[in-house]
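Please read the structure below before turning to the comments.
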Amino acid sequence: MGRMLELAAPLLSLALAVTLAACGGGEGGDATSASEPVASEGTSKPPFQFSAEGDRTAAFRYSALGEPWGAKIITAMETEPGRLEVHIRLVRPPGSNGSVKARRARRICRGAVRFLLDDGVKKPHVEVMERNGTLWVRSRRPRSRDRCTEV
């Protein structure tokens, strides 16, 4: 009987630790905070809602996870249904057509178009603004060869 008690104490401690970790209690628990979006069962993306002001920054940044240009997004505002204005952390250098920064700005535009299409928008319109607020890249007709071009 004494041997069983020696074995039971560590097992009870282990069971308690596992229960606390699963509930998010205890140190190092990975419980989701109330401010973080929570993914629904069976979906890979959290259910983002439109805000009254049209701010889609969080949802667009989430959709850009893993993309090298995702960190360049400052804001993404839906100015009207289907129209997204994206402000980025890049500034167009003089004579930048075809530069690395210009290609990145076009990738951001294409990502924003894809984001709106995935959101059910039939005819998305995207404008990418450089850091100082100047229009840099705009989406064009859906059937054009490269949907996003510099202006």
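Only the coordinates and a few stated rules stand behind these numbers; no lab work does. Everything numeric here is computed off the predicted structure, so don't read it as measured data. All Cβ positions, even for glycine, are placed from backbone atoms using ideal geometry, and neighbour counts span all protein chains on display.
Here is how the numbers come out for the structure above:
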quantity: One residue from Val113, Val126 being in contact with a helix residue (DSSP H, G or I) (Cβ under 9 Å, 6 or more places away or on another chain) and either farther than 12 Å from Glu150 by Cβ or of a type in the set (Val, Ile, Thr) (or both); calculated: Val126
quantity: Residue list for region 84-113, filter: touching a residue at least 24 places away in the same chain (Cβ under 8 Å) and in a helix (DSSP H, G or I); calculated: Ala102, Arg104, Ala105, Arg106, Arg107, Ile108, Cys109, Arg110, Gly111, Ala112, Val113
quantity: Region 75-123: number of residues that are touching an Asp or Glu at 6+ places or on another chain (Cβ under 6 Å), exposed (fewer than 15 other Cβ atoms within 10 Å of the Cβ) and farther than 18 Å from Arg140 by Cα; calculated: 1
quantity: Filtered residue count, region 115-142, keeping only those that are among the acidic types (Asp, Glu) and in a loop (DSSP other than H, G, I, E, B); calculated: 2
quantity: Positions within region 88-107 being over 19 Å from Ala76 (Cβ atoms) and either of a type in the set (Asp, Glu) or within 22 Å of the chain's Cα centre (by Cα) (or both), in sequence order; calculated: Ala102, Arg103
